[in-house]
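Read through the structure below, which is laid out as structure tokens, and then see the notes.
The values are calculated or read from the model by the stated rules, or taken from the named source; none is laboratory data. For clarity, every value in this text was computed on a predicted model and none was experimentally measured. Positions of Cβ are backbone-derived with ideal geometry, glycine not excepted, and every protein chain shown enters the neighbour counts. Note: accessible area is taken over every heavy atom of the protein model, side chains too, but ligands, DNA and RNA are not part of it. Shrake-Rupley method; radii C 1.70, N 1.55, O 1.52, S 1.80 Å.
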Amino acid sequence: MKAIEIRNKYLNFFKTKGHEIIPSAPLIPENDPSVLFTTAGMQPLVPYLLGEKHPEGRRLTDYQKCVRTNDIDEVGDNRHLTYFEMLGNWSLGDYFKEESIAMSFEFLTKELGIPVEKLSVTCFAGDADCPKDTIAAESWKKVGIPEDHIYYYGKDDNWWIAGEEGPCGPDTEMFYDTGKPACGPDCQPSCDCGKYVEIWNNVFMEYFKDKNGYTKLKQKNVDTGLGLERMTMLLQGKETPFDTELFSPIMDKLKELQQEDNIESRRIVAEHLRSSMMIIADGGRPSNLDRGYVLRRLIRRMIRHINKLQIDLKELETLININIENLKEMYPELEKNKKTIKSVILEEKDKFVKTLANGVKEFQKAIRKLEDTKIIPGEIVFRLYDTYGFPPEVTKELAQENGYEIDQKAFEELFKKHQEKSRAGSEQKFKGGLAEQTEETICYHTATHLLNAALKQVIGKDAHQRGSNITVDRMRFDFNCDHKLTPEEKQQVEELVNQWIQAGLPVTKEEMKKEEAIQSGAECMFIEKYPDIVTVYSIGEVSKELCGGPHVNNTKELGRFKIKKEESSSSGVRRIKAVLIKEDDFGDGGKNHLKG
Ligand code: SER
């Protein structure tokens with residue numbers, strides 16, 4: 001079965017079980033500054049898991065584009081991917097364990113035709129926070145999983161939470177037995193010898209965790225996630241996702257073009273190219289910060305490995321074309337953004353080729369001072385890597401050519417420290433992003449809508465939102481505009497927003513058909529990714545936008561709006577950084593500015 005057939009089967013199956021099919025959210029989360037990329041199907045649904053009403057109802061299903069980059073350096077082995085697709089179904093306070101398990105079982109055995117004896121499942125073993133999940137285990141037995149294929153594990157294996165805080169709960173995981181021999185008498189699903197492969201995870205999300213511990217959510221939810229690439233590989237009896245049709249055209253082409261054989265490099269090129277293309281199609285651009293930096297790393301790592309395979313970089317365009325042809329049925333956005341994808345990747349390639357040249361100069365400068373020892377210290381290898389994007393293996397090769405050695409061990413230690421730091425950083429990001437809707441971020445969110453409306457009045461109707469990023473301390477807003485704002489324009493925008501804040505405009509929310517919303521002139525960023533029924537937020541008569549919320553009830557709550565900076569973001573896109581000041585500037589004792 002091809003990946004796209006599995007996806008369609010999944011969505012249709014859950015449709016027949018009363019689920020609405022909702023579109024994949026973009027890879028770059030909107031209005032969620034603290035998360036780099038969408039990493040799970042539940043991520044865009046957090047407000048609804050916490051109790052907000054979803055316009056499409058209480059049973060949802062989708063395929064979600066996901067990027068996880070914590071293990072970027074592992075890509076090249078037989079299983080790690082940075083981009084993957086997660087199929088999911090959700091109950092928002094509707095069905096719970098028994099029904100969810102029955103549906104999963106039916107889908108795996110009837111729709112995908114997996115023999116029951118190939119399945120094993122794991123359930124939560126219980127601890128002080130939450131009892132043993134005998135209900136899940138009983139539900140599995142009821143549908144036909146034999147007792148000796150049911151395992152219990154603790155929080156490390158059978159508990160799911162995104163980051164440190166947020167909605168969470170015990171999960172039950174389904175494993176597929178590949179038929180490989182057991183690694184020993186204790187071989188179990190939890191062991192990673194490769195006999196058992198996890199295929200699906202159903203989270204019974206009825207808790208919320210914060211600094212103070214666990215509390216019960218308003219509703220009992222189910223959140224499930226099934227990795228499409230892995231399922232495709234298993235059903236096709238392939239050893240790696242790179243052997244499936246998702247990757248085989250590009251893998252074959254690389255093999256044909258390569259002058260130097262290297263399977264890891266081929267996988268890295270194939271994987272990073274697909275990932276980069278998906279990120280770019282959803283609006284990502286390379287830069288030195290956060291998600292832009294992740295994209296830059298993906299593209300640069302890919303280029304290094306094209307070099308390693310001794311493939312002419314001119315072939316990059318051919319490789320992009322092959323991927324678009326191969327994947328456009330699954331992801332029409334690739335075809336639609338073909339030109340942008342090419343220009344972004346090719347420009348980044350040119351930049352990197354120059355950087356590589358500078359790195360060589362820096363290398364030569366460094367070795368002149370090391371003639372006595374002929375050993376290149378770890379710090380220098382690391383600096384070449386960190387500053388010039390210079391791969392250590394290239395430094396090593398260059399060193400050898402010049403009769404030098406590198407201090408590999410010292411480099412590895414520095415590299416490990418750096419990795420731990422960036423890993424901690426990305427976890428930090430994830431943690432902050434989910435469910436962290438503070439009063440401050442909600443105010444900034446409403447201010448974003450006002451700023452969007454004000455820009456339309458001052459610059460023109462064609463000024464649209466291109467991106468937004470909110471923290472508790474400030475907002476950032478990107479919009480298209482062909483010039484630097486004049487001081488007068490900036491002042492006008494600021495005054496308009498403050499006028500609207502002072503007018504105490506009500507913020508109201510309604511649900512309507514997508515077409516109706518668009519006809520009524522509601523603003524939205526990417527129309528195609530919204531479901532048929534949308535939520536529209538209006539602020540008095542001045543703003544109307546498709547948006548998931550949440551927002552303040554009245555603009556009076558915002559405080560004073562101040563633009564701190566206006567700068568270029570990328571070509572044709574300007575960026576405004578602004579803050580809301582809570583002090584008593586309106587002479588009302590400040591009580592209306594921020595609730596609480
Ligand atoms: N959130 C869970 C996961 O990512 C199930 O969807 O595995």
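Side notes on the structure shown:
- Computed [θ] at 222 nm, helices only, for the chain once each DSSP H run of length n ≥ 4 contributes -39500 (n - 2.57): -12500 deg cm²/dmol
- Rounded Å value of the spacing that divides the Cα centres of the range 339-358 and the range 259-337: 11 Å
- Lysines whose Cα lies under 22 Å from that of Lys216, excluding same-chain neighbours fewer than 8 positions away: Lys53, Lys97, Lys132, Lys155, Lys431
- Evaluated at q = 0.23 Å⁻¹, the base-10 log of the normalised Debye intensity for the range 129-209, with identical point scatterers placed on the Cα atoms, takes the values -1.18.
- Square roots of 5 times each gyration tensor eigenvalue, C-alpha, the chain, largest first, Å: 39, 36, 23
- Taken along the Cα-to-beta-carbon direction at a fixed 7 Å, the label points for Glu315 and Glu264 span 2.0 nm.
- The range 1-59 and the range 80-118 have Cα centres spaced 14 Å apart.
- Here the label points at Lys238 and Asp127, each 7 Å from Cα along the C-beta direction, are separated by 3.7 nm in the simple model.
- Nearest-0.05 FRET efficiency for Val573 and Asp77, computed from C-beta distance (R0 35 Å): 0.40
- Here the Kirkwood formula, the inverse mean of 1/r across different C-alpha pairs, assigns the range 135-281 a hydrodynamic radius of 18.4 Å.
- Percent accessible area from carbon and sulfur atoms, the chain, protein chains only, probe 1.4 Å: 46 percent
- Whether the range 1-132 is rounded, prolate or oblate, judged on the alpha carbon gyration tensor where a/c under 1.5 counts as rounded: rounded
- Positive minus negative residues near Leu370 (Lys, Arg vs Asp, Glu; Cβ under 14 Å): -1
- Solvent exposure of the chain, expressed per residue, is 45 Å² of accessible area, with all protein chains present and a 1.4 angstrom probe.
- Computed from phi, the 3J(HN,Hα) profile of the range 156-162 under the Karplus parametrisation 6.51, -1.76, 1.60 (θ = phi - 60°) reads 4, 9, 10, 9, 10, 8, 8 Hz, with x in place of Gly and Pro.
- Against the empirical curve 2.2 N^0.38 Å, the C-alpha radius of gyration of the range 458-525 lands at a ratio of 1.34.
- Multiplying the residue separation of Ile581 and Glu98 by 0.36 nm and removing their Cα-Cα distance gives an extension gain of 168.8 nm.
- Only Lys, Arg, Asp and Glu carry charge here, each on its Cβ (+1 for the first two, -1 for the last two); on that basis the range 1-90 has a dipole of about 540 debye about its Cα centre.
- Estimated distance in nm for a label pair at Cys187 and Leu289, the labels positioned 7 Å out from Cα along Cα-to-Cβ: 5.1 nm
- Bridge orientation summary for the chain: considering DSSP beta bridges with both residues in this region, about 90 percent are antiparallel.
- Scanning the chain for DSSP H helices at least 18 Å long along the axis (C-alpha atoms) with a Kyte-Doolittle mean no lower than -1.0 picks out 3-16, 263-281, 290-308, 338-368, 439-458.
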